[in-house]
Amino acid sequence: MIVQVTLGISAGFMLGAVVAASAARPDRPLRIGPLALFSTTVPYAIVASAWATLGGVNLLGAALLALITVVPLLAVTATSRPVTPRGWPSMVAALGLTTLLLIAAGQTLSLLGRVNQVMAIVAVGLAGLLIGLIGGLRGAGRLGAWLFWALVVVTVIVVALALFLGTLSDLASPVVSSPGIPGVGLLFLAAGALVIGLNDPATRVFASEASPRSRVVGVIVTAGLVVVLLAGMALFYGGSFFAPSLQFFVLPANVDLIPGGLFLAMLVISMMMAAPIGNLVATLAADPDDVASPRWSLPVGGVAIAVVIAALAPGSERTAVVLALLVAGPAGALMMGREPARAVIGLAVAVVAIIALIVTRDLEFGWPALLGLIVTVLAGALSGGRDSAHGSTADSAVQTESS
């Protein structure tokens, strides 16, 4: 077992680094296709799916989660400004998303591979950092496409096993009943994905470099893959699944009984966690004055902070609520065509809201957090300064690397 785990994780990291490095050629134009866009949605899919399993995921839940997953891409595409300027909102969004990915990586790898959770967090953080710095935006885009096809293979296996054990009618009438996903949680997930996505540097840069057709195809293939994968998992478990439950842990506990199953799981999961971190690192490291020599200090410091926070195990739900509130003000400013980094009132309201939620023990996907998010967005919409910068640092970085 330990051999499969070690080889799988190592192979995932090595494959990610090789793919990213092979595409890191400054003489080639930067092209972002629909499959590369998929990797920018992975953090949102992971957080939404992990939380939804607490209430139970069926066919309808899979469709709703797929919609939430593509909200960031839809939001960025709908805004008139394609790239967020380099400022504190982008830094906070990148730091928060990296932390969420590391929390998920530590929990998943420790559950399936019985490895130390902190060591898994450190390993994935280092792998994502190296992938982003070695491959840059081109390498991150190439790796995103590879990640999509790797998950397609996993999806085919899951669906094949599900059809072998059950029938499609189980999706309409689940054999196993589940508590159900709270509606307010889905509302917060959608709103949180919206405000985080508007400040997510990787999503904005990748979407701005993709053609309109690639964005549409990216949304369709991403939503389709999420629906089929989650529906396949639900079918495997008899029409729906929820955790924690004995039913849910049947597959993770016996994945090593499938020939090569544990190796494939470790490979895909390690690459799935490291690739989006590489996207964020590559975006923040891009230097508009010298694309061939990325800036190390910003992404290195950010990943180090994210590793420390994830190792403290704050929980993905609490981390997501804090992140959404912190960037809600700048998102409101962006919606109004204003400068997001100047949404000082929105930031102040977010801090007050976070403190209030901590004191009342409501730092979760619920009505208090959703109300705080809405108020913070409105405050940010009113407080952002006029956006007079037409050549931001991030804009220049992407334009320089594209040329």
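The values are calculated or read from the model by the stated rules, or taken from the named source; none is laboratory data. Note that the coordinates shown come from a computational prediction; the quantities given were computed from them, not determined experimentally. Backbone-built Cβ (ideal geometry, glycine too); neighbour counts: all protein chains shown.
Observations
- Unmet requirement for Leu59, which otherwise passes all of (1) buried (at least 18 other Cβ atoms within 10 Å of the Cβ); (2) over 16 Å from Leu35 (Cβ atoms); (3) within 17 Å of the chain's Cα centre (by Cα): (3)
- Some residue of region 167-182 being outside any loop (DSSP other than H, G, I, E, B) and touching an Asp or Glu at 6+ places or on another chain (Cβ under 9 Å): no
- Among the residues of region 104-141, the one identified as of a type in the set (Lys, Arg) and assigned to a helix (DSSP H, G or I) is Arg138.
- Out of Ser10, Ser22, one residue alone is in a helix (DSSP H, G or I), more than 20 Å from the chain's Cα centre (by Cα), at pLDDT below 85 and hydroxyl-bearing (Ser, Thr, Tyr). It is Ser22.
- When Gly106, Gly141, Gly132, Gly125 are checked against the criterion of being within 16 Å of Leu37 (Cβ to Cβ) and out of contact with any strand residue (DSSP E or B) (no Cβ under 9 Å at 6 or more places or on another chain), Gly141 stands alone in meeting it.
- Residue-level check: of (1) crowded, with 17+ Cβ neighbours inside 10 Å; (2) modelled with pLDDT of 80 or more, Phe248 misses just (2).
- Qualifying residue in region 116-137 (condition: modelled with pLDDT under 85 and either hydrophobic (A, V, I, L, M, F, W, C) or at negative phi (or both)): yes
- Residues of region 357-384 that turn out to be over 22 Å from the mean Cα position of the chain (by Cα), closer than 21 Å to Pro182 by Cβ and not β-branched (Val, Ile, Thr), as a count: 7
- Within region 192-200, the presence of a residue that is modelled with pLDDT under 95 and β-branched (Val, Ile, Thr) is excluded.
- Scoring Leu298 on the criteria (1) crowded, with 23+ Cβ neighbours inside 10 Å; (2) under 30 Å from Gly135 (Cα atoms); (3) over 18 Å from the mean Cα position of the chain (by Cα); (4) not small (Gly, Ala, Ser) leaves a single failure, condition (1).
- Residues being more than 16 Å from Ser316 (Cα to Cα) and polar (S, T, N, Q) - total across region 94-134: 1
- Here Ala191 fits the description: surrounded by fewer than 24 Cβ atoms within 10 Å (Cβ to Cβ) and over 11 Å from Leu74 (Cα atoms).
- Restricting region 229-243 to residues that are more than 22 Å from the chain's Cα centre (by Cα) and part of a loop (DSSP other than H, G, I, E, B), the residue that is nearest to Thr53 (Cα to Cα): Ser240
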